[in-house]
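The next block holds one structure in the form of structure tokens; read it before the comments.
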Amino acid sequence: MEGAITTKICAITNGISQDYETSCKVLKETGVEYAELQEVNGKRIEYATLDDARKIRDLNKAYGIKVASVTTHAFVGIGVGGIEVGDAKYNEQMALLKNGFEIAKIVGADYVRTMCFARQVVVFGEDGADQWVSGGNKSWPKFLELFKPIVGAAKEVGVKLIVENGFNGMLTSAWTFRKMKEDLGEDAPVWFLWDPVNALNVHEAAYPDAYNCIRKDLAHLHIKDALVNTVHSSVKCVPLGEGDMAPYLKGLADALRADGYTGCVSLENIYRPKGGDFVDGYRIDIETLKKIFA
């Protein structure tokens, strides 16, 4: 029904604690039912064993927690010019991603995240910029070549694959995700894990511009807030609603409700107040997030 409040509130657990049971306790205490697994008990989730996954599953059952996403870092930070499909580095990352697929089955997660390699600052150039600035416009076709087997691997095992835009990734914005989806084919089984703060670094307006670009492909949403200064190459974390995301939050929340969005809005807690710790930051921001989005 249009306008229904269907959004699920979620949190990345290592933004609370590296100890997973501690995170479960805090999630339950703060009324958050969905967890996003990125790092658990001191290691990235793609390095977890299947026994680790079964322990996570048992804790979830004990605390009434559901897993929204197994958020791996597979293929993060690797330049597209320095890797080839099938080489040792590629196979290593693919194996980590596939381990994430198996973990997702055990913990009952809807989605598994892959990352989008490392950013080339200028990807598209023309009228001379193609030669002198963007490296011959070679990085985007190479990125697509590298990404196709990732999509194929997820499709083969029936996993819902999501890819996130990043400050330092080939997908820097909602616009670049939309271009990737168009170039792969609209029927490509990959959906968007959107982090609008990450796209502030390229001055993309989260709402309405970015949202309208990816609304039909949006599967999962990261929310945090920051002050981004691209000239100084700096980012300062601030409480939700006090940074550069502030002008977009209400419009975005209203649009999600109007569209009947049924995915998760996940707090990516990276804010640590002065004199406090990350749990203090979580407790501040989760209440603000619930007021805006739930």
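Readers should treat all values here as calculations from the given coordinates under stated rules, not as data from a laboratory. No experiment lies behind these values; they were computed from the predicted model shown. Heads up, the Cβs are rebuilt from the backbone with ideal geometry, glycines too, and the neighbour counts pull from every protein chain shown.
A few comments on the model shown:
- Here the chain is assigned +1 on the Cβ of each Lys and Arg and -1 on the Cβ of each Asp and Glu. Its dipole about the Cα centre then comes out at about 580 debye.
- Globularity ratio of the range 129-186, using Cα Rg and 2.2 N^0.38 Å: 1.26
- Calculated log₁₀ intensity ratio I(q)/I(0) where the Debye formula runs over C-alpha points of the range 76-125, q = 0.22, 0.29, 0.32 Å⁻¹: -0.85, -1.09, -1.19
- For the chain, CYS24, CYS116, CYS213, CYS237 stand unpaired, since no other cysteine beta carbon lies under 4.7 Å from theirs.
- Radius ratio Rg over Rh of the chain, counting only Cα atoms, Kirkwood formula for Rh: 0.96
- Selected from ILE12, ASN168, ALA53, residue furthest toward positive end of dipole (the chain; charges at beta carbon): ALA53
- Protection proxy ranking, peptides 50-56, 232-238, 89-95, average beta carbon neighbours within 10 Å, highest first: 50-56, 89-95, 232-238
- A straight line joining the Cα centroids of the range 2-69 and the range 167-195 runs 26 Å.
- Of the residues GLY135, ALA154, PHE124, the one whose Cα sits farthest toward the positive end of the charge dipole of the range 95-163, with +1 on the Cβ of Lys and Arg and -1 on the Cβ of Asp and Glu, is ALA154.
- Only helices enter the 222 nm calculation for the chain: every DSSP H run of n ≥ 4 contributes -39,500 (n - 2.57), and dividing by all residues gives -11500 deg cm²/dmol, rounded to 500.
- Less than 5 angstrom separates the built amide H of ILE162 from those of VAL112, ARG113, THR114, TRP191, all sequence-distant by 5 or more or on a different chain.
- When each of LYS43/LYS155; LYS66/LYS98; LYS138/LYS224 is checked by Cα-Cα distance, pairs over 31 Å: LYS138/LYS224
- Of the three principal axes defined by the Cα atoms of the range 163-251, the extents in descending order read 38, 27, 17 Å.
- Distance from the C-alpha centroid of the range 123-159 to that of the range 257-292: 33 Å, rounded to the whole angstrom.
- Rel. contact order, % - alpha carbon contacts under 8 angstrom, at least six apart, the range 194-244: 35 percent
- Taking a straight Cα-Cα cut-off under 19 Å and skipping sequence neighbours fewer than 8 places away in the same chain, the aspartates and glutamates within cross-link reach of LYS216 are GLU2, ASP110, GLU164, GLU182, ASP183, GLU186, ASP187, ASP195, GLU204, ASP254, ASP259.
- Share of pairwise Cα separations in the range 188-294, more than 18 Å, in percent: 48 percent
- Choice from GLY158, GLY166, GLY243 with maximal GNM fluctuation in the chain (Cα, 10 Å cutoff): GLY158
- Here the range 1-146 is assigned +1 on the Cβ of each Lys and Arg and -1 on the Cβ of each Asp and Glu. Its dipole about the Cα centre then comes out at about 440 debye.
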